[in-house]
Amino acid sequence: MPITPATCPLDCPDACGMLVETDERGRFVELKGNPAHGWSRGTLCSKTASYGDLIVSPERLLQPLVRVSGKQSPLRAASWEQAFERIAERVRPLAPGRTLAAWYAGSMGLVQRNAPLAVMNAIGAAQVDGGLCDNSASAGYENVLGRVVGADIESAHESDFLLAWGCDVVRTHQHLQPAMQQLCKASRPVVAIDIYRSDTLRAVERWGGRGLVLHPGTDAALALALARLCFERGWADRAFLARECKGAAEFEQHVRAGHSLEWAEKITGIAARDIERLGADLFAAKQPLIKTGVGFARRRVGAGSMRAVCSLAAVLGRVDRLHYESFDCFRLDLSAVARPDLHPLGAPQVIRHVELGRELNSGRFQAVFVWGHNPAVTCPDSRAVRAGLAREDVFTVVHEHFLTESAQLADVVLPATMFPEHTDVYRSYGHRRMHFTRGAVVAPGNGAGPRSNVRTFDGIARALGVHEKVGSLDEASLCARLLEDNRERIGPAALATLLRGEPAKIEPPKIDGWGTPSGKIELVSEAAGAKGQPAMATYVADDACGEGDLPFWLICAPSRATHNSTYSHSARHLARQGPPVVHLAREDARRLGCADGCQVRLSNARGSLTMPARLSDDLKPGFARVDGLPRAVDLPEKTGINSLVAGAVSDLGEGNILYSTKIRIEPLAAGSF
């Protein structure tokens, strides 16, 4: 049977290599790992290995759905032509700036994800800034180190010390696990840091490494205490500091003025002896890997936390062995795909993604186009987002695989192809590989069913009268143009590999300086000061968005079984995940008078949710953990966990503050599982 190489399209750093098997008629048969992929090496995570369940799901959208008389009327089946006519009727009269493009990372393919922006730019639409995930972490990293390239994650197994800082590898970066196990087996130190005993902490301890649990939002305190220890013990790389860094002397004075081991123990909850041992391991390593996650920076002080970790790496002279993401390894020009030059206002107005609910209810926008995104579930302050999408004066178009919570609120729903059914170009943000993938599976519907983002928005461009301006949108041509425009950046050998349909590893660009305003690593940053932040990495307590008096920190942990809301329509994934529960420390449960299985109410100023409690030995008192994004239909309030999260912004980067959420918990009734 035919087998076609592909890349997993999900928002995950592993970007695994796949093989798509079809029958002779182009019907889906099976997904397998691609042994030729240099990072995933033939294995798939348990989530993606079952992606085929979605491709063949009977719940897939197979034809457009349209409301003919407002949000209260039912969605009815329609032809593509009827759907485009409805869109033209409502959107074509709108002035530039009155339409909003709400797009995100449902597919990480560069062409399918970005090509709709050409149409949005042509009609003068505003855009969200994409600040739901890594804006804060990126802003903190870039403030100190400039370009986000980092270590080659494929060299992890060569390290003589590995530190996973705020990175739940087992749930979010699974292909790093073999290297960690290999290092532990070779008696090389491996340490994982998190705010609870995550799957990764427990796994590392099981393999022979160490797990450290710190108080939420205190990462900067730990990093600064380690930096002071480096200066005091002679572990700082002074030659590197003098040659590559701006403000090294001021930063040394700053950390020596406080940040003792005793202070850090009190702030972080990590014993002074454990902090000291961690510092000794970092110094002793000749080739360490400091692997940071993204989640620890999704809080009010998130960028400051990343600044502190980056500053510590600089003090050690180990910046080249710090890995956060790999985006700047590629530095691809996407302008021929997204076409920002078409915008009638010169450039699109950009709104804060975390404030989407507020923006939709402001009256500024009369239409919103949604693709690669389920904002009613994944955005903070999700009650406000749902209310905004449900407004009669906000015409909502959603391009989707299933009738998601967002699609249920739309005026027009357009069925979308899945990744094996279209052509695209992928890059990872974890490793350094790209892949040009060609569609292998024939989409259902005999030509009248799901369409790719590119083909769908080509039809929308025609309906809105901007087709001549945008030009014909064709995914194969756009992929070819993207690769040609970046020929020099990709390199001839890698480009030839990509054109053969094989994943190719891209070498980082050779650029003078560090990509900061001064061209040096900035331990002292005037740019941060200009934005109202401390000039040097500083520990600032998380203010919990003004709700610090509430007794529980809410941990919205990644799911072991699902990926954001992608698998909410897969019975196998949902069964593996189980019903929504909130995990509580046994001490808290006793204090609340709450038995295992007791129904409890989680609440704060934004609302409340009800679910059973599950008692846990992995949490410290004062924490409540909910895994994944429970479906609204599975909760009495018919809304999700993000309804408790504020639409506020972080210290730098205007990013999501998911982990700065505090709640109260009250038991409602006894029960048992």
query = For the subset of region 625-638 comprising residues that are assigned to a loop (DSSP other than H, G, I, E, B) and in contact with a strand residue (DSSP E or B) (Cβ under 7 Å, 6 or more places away or on another chain), which member is surrounded by the most Cβ atoms within 10 Å (Cβ to Cβ)?
reply = Leu635
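For Leu473, state whether it is touching a residue at least 24 places away in the same chain (Cβ under 8 Å), among the aliphatic types (A, V, I, L, M) and surrounded by fewer than 23 Cβ atoms within 10 Å (Cβ to Cβ).
No.
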message = Looking only at region 55-64, filter to residues that are within 26 Å of Arg572 (Cβ to Cβ) and in contact with a helix residue (DSSP H, G or I) (Cβ under 9 Å, 6 or more places away or on another chain); which one of those is most open to solvent (accessible area, probe 1.4 Å)?
response = Gln63
task = Go through the residues of region 337-351 one by one and say whether even a single one is open to solvent by 20 Å² or more (accessible area, probe 1.4 Å), assigned to a strand (DSSP E or B) and touching a strand residue (DSSP E or B) at 6+ places or on another chain (Cβ under 9 Å).
result = yes
task = For region 288-299, state whether one or more residues are outside any helix (DSSP H, G or I), open to solvent by 20 Å² or more (accessible area, probe 1.4 Å) and touching a residue at least 40 places away in the same chain (Cβ under 8 Å).
result = yes
inquiry  = Of everything in region 426-446, what is farther than 20 Å from Arg487 by Cα and open to solvent by 50 Å² or more (accessible area, probe 1.4 Å)? Give them in sequence order.
reply    = Val442, Asn446
task = Please find, among Arg197, Arg202, the residue that is assigned to a loop (DSSP other than H, G, I, E, B), touching a helix residue (DSSP H, G or I) at 6+ places or on another chain (Cβ under 9 Å) and either of a type in the set (Val, Ile, Thr) or surrounded by fewer than 18 Cβ atoms within 10 Å (Cβ to Cβ) (or both).
result = Arg197
ask   = All but one of (1) within 27 Å of the chain's Cα centre (by Cα); (2) outside any loop (DSSP other than H, G, I, E, B) hold for Gly439; which doesn't?
value = (2)
key: Residue among His254, His215 that is open to solvent by 50 Å² or more (accessible area, probe 1.4 Å) and modelled with pLDDT of 95 or more   = His215
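Name the residue, out of Pro508, Pro517, Pro534, that is touching a helix residue (DSSP H, G or I) at 6+ places or on another chain (Cβ under 9 Å), within 29 Å of Ala220 (Cα to Cα) and open to solvent by 60 Å² or more (accessible area, probe 1.4 Å).
Working: Pro508 fails: open to solvent by 60 Å² or more (accessible area, probe 1.4 Å); Pro534 fails: open to solvent by 60 Å² or more (accessible area, probe 1.4 Å).
Exactly one residue qualifies, and that residue is Pro517.
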task = Scan region 555-575 and give yes if some residue there is within 27 Å of Leu214 (Cβ to Cβ) and aromatic (Phe, Trp, Tyr), otherwise no.
result = no
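Does region 77-91 include one or more residues that are assigned to a strand (DSSP E or B) and among the hydrophobic types (A, V, I, L, M, F, W, C)? Give the derivation first.
The first filter runs over region 77-91 and keeps only residues assigned to a strand (DSSP E or B), leaving 77.
Next, only the ones that are among the hydrophobic types (A, V, I, L, M, F, W, C) stay: 77.
Yes, some residue in region 77-91 is assigned to a strand (DSSP E or B) and among the hydrophobic types (A, V, I, L, M, F, W, C).
The values are calculated or read from the model by the stated rules, or taken from the named source; none is laboratory data. Bear in mind the structure is a predicted one, so any value in this text is a computation, not a measurement. Cβ atoms come from the backbone with ideal geometry, glycine included; neighbour counts cover every protein chain shown. These area figures cover heavy atoms from the full protein model, side chains too; ligands, DNA and RNA do not enter into them. Shrake-Rupley method; radii C 1.70, N 1.55, O 1.52, S 1.80 Å.
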